[in-house]
1. Within the stretch 448-467, which residues are within 16 Å of the ligand (Cβ to nearest atom) and either part of a strand (DSSP E or B) or on the phi < 0 side of the Ramachandran plot (or both)?
2. Which pairs do you get when a residue that is away from the ligand (no atom under 16 Å from the Cβ) and open to solvent by less than 40 Å² (accessible area, probe 1.4 Å), found in the stretch 195-219, comes within reach of a residue that is among the β-branched types (V, I, T) and in a loop (DSSP other than H, G, I, E, B), reach meaning Cβ atoms under 6 angstrom, with the pair 6+ apart or on two chains?
3. Residue by residue through the stretch 172-184, note down the ones that are among the aliphatic types (A, V, I, L, M) and either at pLDDT below 95 or surrounded by fewer than 21 Cβ atoms within 10 Å (Cβ to Cβ) (or both).
4. For the stretch 373-399, how many residues are open to solvent by 40 Å² or more (accessible area, probe 1.4 Å), farther than 17 Å from K274 by Cα and in contact (Cβ under 8 Å) with a residue 12 or more places away in the chain?
5. State which residue pairs qualify: first residue within 21 Å of V311 (Cα to Cα) and inside the stretch 266-281, second residue open to solvent by 30 Å² or more (accessible area, probe 1.4 Å) and part of a helix (DSSP H, G or I) in any location, beta carbons under 8 Å apart, and separation of 6 or more residues or different chains.
6. Please enumerate the residues belonging to the stretch 112-155 that are β-branched (V, I, T), surrounded by 20 or more Cβ atoms within 10 Å (Cβ to Cβ) and within 16 Å of the ligand (Cβ to nearest atom).
7. Name the pairs: first residue in the stretch 85-106 and buried (at least 21 other Cβ atoms within 10 Å of the Cβ), second residue assigned to a loop (DSSP other than H, G, I, E, B) and of a type in the set (S, T, Y), Cβ to Cβ under 9 Å, at least 6 apart or on different chains?
8. May I ask you to list the residues in the stretch 421-447 that are away from the ligand (no atom under 13 Å from the Cβ), in contact with a strand residue (DSSP E or B) (Cβ under 7 Å, 6 or more places away or on another chain) and either of a type in the set (D, E) or in a strand (DSSP E or B) (or both)?
Amino acid sequence: MPRPSPRRRLARRALAVLAATAAPLGAQTPAPAPAAVPAGPAALSAHQRLAREIYRELVEINTADSVGSVTRAAEAMAARFRAAGFPAADVRVLVPPAHPTKGNLVVRYRGRGGASAPKPILLLAHLDVVAANRSDWPRDPFVLHEENGYFLGRGVADDKAMAAMFVANLLRYRREGFVPDRDLILALTADEEGGNANGVEWLIANHRQLIDAAYTVNEGGGGTLDGNKPVFHSIQAAEKVPVNFTLTATNPGGHSSVPRPDNAIYALASALAKLAAHRFPVALNEVTRPFFTQTARVEPRAEMAAAMRAVVANPGDTAAVAALSQDPRYAAMLRTTCVATRLAGGHAYNALPQTATANVNCRVVPTSTAEEVVAALHRVIGDSGIRITPTIPTDNERFGAAPSPVEPELLAATTALTRRMWGDIPVIPTMSTGATDGRFLRAAGIPTYGVSGIFSTPGETNAHGRDEKLRVKSFYDGLEFLDQLVRQLARGPRT
Ligand SMILES: [Zn+2]
């Protein structure tokens, strides 16, 4: 491959950097060497050693849906809180009766109390992980490895780092006798990856009073590095809602030597061609508007930056929308998308097809609904012979929760801490095109923000993949950031 021009290199680097905001767990790019790190556990502070030990314990308990137990991990963390003197009534392992391996831990750290105390803050991380096979990994995925400046193991990034940080920090607050103005609630949940509704959805339905909060600090945000250089810090404040539809064309069929004028495969193909050409309306919200405004300031491709500003000023500016949509990540943040992901049809080489089906995966902007998407699909396809049915019942999902702007106290505290720890880089609110536990909390009326202080290059962590990793330095920086952030938020809003 020819060496790209400096301008192309810059544009490419910008693309890689910005990928993190639109798809934090998405595309993979090769990882550059991480920054210098403390020289092994001996150089660590007592607090860092405690956090590392909790992290190790969590990673080494297999919490994958298939063979693992989240309850074991929840119990192990509960034991630490009880040993530190937390009252037993404030340390609850809550297990859905039908799913004994899917326990959730809820811990309450009591504040000053009293009628004027602000509502609690919820600190949320999920304990379950995606399965990892020993035979697929060069090292045991359920052992915490530290090599060349990285922690490696299943869950080191998604999401056991944040879980370990929250646990270590609450234990430290207690040891120091820190009394917040408001209660802090820690929820370590099951089933975020499995989606079988025994985690945060189950807590909301069955133990709402235990987790009710002014807002939640969750995964989904974090900092973006270019090599070792911090570029910006994201607060995830909204996410799209995933939903799948099956398109089905049917036909009486017959002998393929005598084709009929109508054909199930042609009918489905024609429907998919119309879908491929369709663009849902641009739907900016309270999060994506400031995202584009602020990203325009760090976007080095001048024409992209101009398109961002133009689209925010006028979402009907079709030329600007087209320019911005050339980057698939930005395109996905502008509007609902529906894309064909699976295809099947026919039953024999010499028979006319009686059935043809396609799965269409839609990522719905949070202000829209499944009904609106179905209506749009019918309108676009315009063929009453094509059946459109939810592949998975749509009531498993939460639609129509309009995103709110980032809580001012959270934005102010994150901005000040970011400046102190990483210099003058912007803090940018973002909407994930993927999904986390946050959409259930938001739909239940608890605003939720992904903010972690954990920095990585785009795709570096390879979450859900082989050799999941996190920079050692990023782990200890995140620990410090969340410690300070939660202390500040614990004071409640200042008037
Ligand atoms: Zn996660």
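The values are calculated or read from the model by the stated rules, or taken from the named source; none is laboratory data. Just so it is clear, the model here is predicted, and its values are computed rather than measured. Backbone-built Cβ (ideal geometry, glycine too); neighbour counts: all protein chains shown. Note: accessible area is taken over every heavy atom of the protein model, side chains too, but ligands, DNA and RNA are not part of it. Shrake-Rupley method; radii C 1.70, N 1.55, O 1.52, S 1.80 Å.
1. Of everything in the stretch 448-467, those that are within 16 Å of the ligand (Cβ to nearest atom) and either part of a strand (DSSP E or B) or on the phi < 0 side of the Ramachandran plot (or both) turn out to be T448, Y449, G450, V451, S452, I454, S456, E460, T461, A463, G465.
2. A213/I446
3. Within the stretch 172-184, V179 is the sole residue that qualifies.
4. Total meeting the criteria: 7.
5. The qualifying pairs are H278/V380.
6. V129
7. K102/S69; G103/S69
8. Answer for the stretch 421-447, where residues must be away from the ligand (no atom under 13 Å from the Cβ), in contact with a strand residue (DSSP E or B) (Cβ under 7 Å, 6 or more places away or on another chain) and either of a type in the set (D, E) or in a strand (DSSP E or B) (or both): V427, I428, P429, T430, M431.
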